[in-house]
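Derivation of every value follows stated rules applied to the coordinates shown; laboratory data play no part. Everything numeric here is computed off the predicted structure, so don't read it as measured data. Glycine gets a Cβ as well: all are built from the backbone with ideal geometry, and neighbour counts include every protein chain shown.
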Amino acid sequence: RPNELANSPGAGMSPHLRTGAVAPEEQADDRRHAGHPQRGATPAHPQLQGLGAVIEQVPIGIALTRPNGEIEYLNPYLGAIIGLGGAQAAGVRLCAFRLGASPYQFRRVRRQLLCGNPWQGETQIKKSTGETFHALESVFALRGPDGTVTHFIHFLQDIGGRKLADTI
């Protein structure tokens, strides 16, 4: 499937997430359930229509990665931190920017996520300037209709100010 990530709001996101539309596989599934024969014909959640714009504007790093760690989407905030955006980020492994963690730690966290358990912890990311970005990272597995993990979503909140205050 193509991996184009443009700099426009919502680009690189699933078109269903970007527009709030129901994915075709969800439409078929919904029609099998009594009481929702027309659900696939209109957006299931009109409030999701603006979700792409929100994700593009929040001052929290957001990344969507494949289970192997390759970036599929970065919001502009995180893209600016690591110095990649648009198509540059597609296929790059997020762990390439992490500091201080061993391959063993990456494998352990990945196994935890593949089992469906979220992970949260402090991480350090190498910024494009060479400085260190201290973040509280929360990662969640996203599952497809068949229950298999299709992606991980990462939320990275800047805690650099707090780390600095702790050292003073």
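One table, with the values for the structure above:
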item: DSSP-loop GluC sites (Glu not before Pro) across region 79-167, with at most 16 other Cβ within 10 angstrom; result: E131
item: Per-selection Rg to Rh, region 51-168 - Cα, Kirkwood hydrodynamic radius; result: 0.96
item: Under the Debye formula (equal points on every Cα, no solvent term), log10 I(q)/I(0) of region 112-168 at q = 0.16, 0.20 Å⁻¹; result: -0.60, -0.77
item: For region 144-153, 3J(HN,Hα) per residue [Karplus equation, 6.51 cos²θ - 1.76 cosθ + 1.60, θ = phi - 60°, Hz, x = Gly/Pro]; result: x, x, 8, x, 7, 6, 9, 8, 10, 10
item: Cleavage-rule hits (trypsin sites (Lys or Arg not before Pro)) in region 59-164: DSSP loop, at most 16 neighbouring Cβ within 10 angstrom; result: K127
